[in-house]
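Below is one structure; the comments refer to it alone.
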Amino acid sequence: MTSGDNPFDFSQYNGNQVQQPSVGAPDRGASSTFTSTAASSFGFGESFQASGSVPPAQAAIGVPTKWLVLAIACAVVSIGVVIVLGGAPIAAITAWLLGGPIAIVLLAVFSIRDTQARTYPLYSSGELVPWIYRLGFVLSAVAIVISAMRIANWMGRL
């Protein structure tokens, strides 16, 4: 049987092989449904069998707080190091690296992971998360400025 005989056969457009009913009088009952022999891909990384299976239920996805906590911890440790040991040039440079690039990269990783988590159907977020995220940037900026001032003070005295 060719696709020209069945006006509702669109299998040539989706790439799936559709099992055709046997030649003869078509059975119009419940058993005349066509089943796909290949899995259908919907373009979002999931594929489902055409037989009507449903994807498994997903648990609620929360905010990836470990990255946010690590970024804030790096900024706070950096501020502590530069206040206590800021006179030593290596301590000021280490504090600048810890509070600057490392903390900002951790905040960027949090932002990427949080954006990925928001794509799930069951995403749970807290009301304070955006404020804690902003606090991480403020603490990082304070750590950068204080340690940069200590580095500039050390370089000016050379």
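Coordinate-derived values only; no laboratory data. Just so it is clear, the structure is predicted and the values come from calculations on it, not from any experiment. Please note: Cβ atoms are built from the backbone with ideal geometry, for glycine as well, and neighbour counts cover all protein chains shown.
Positive contributions from Lys and Arg (+1) and negative ones from Asp and Glu (-1), summed over other residues with Cβ under 13 Å from the Cβ of Phe110, come out at +3. Label separation (Ala141 vs Ala108): 1.8 nm, computed from points 7 Å beyond Cα along the C-beta direction. Multiplying the residue separation of Ser125 and Leu97 by 0.36 nm and removing their Cα-Cα distance gives an extension gain of 7.0 nm. Normalised by the number of residues in the stretch 65-156, the average gap of Cα pairs under 8 Å and 6 or more apart makes the relative contact order 45 percent.
Annotation: the residues Arg150, Arg113, Arg157, sorted from fewest to most other C-beta atoms within 10 Å of their own C-beta, follow the order Arg157, Arg113, Arg150.
Amide H contacts of Tyr123 (H built 1.01 Å from N, in plane; Pro and chain starts excluded): Ile61 sit under 5 Å, all sequence-distant by 5 or more or on other chains.
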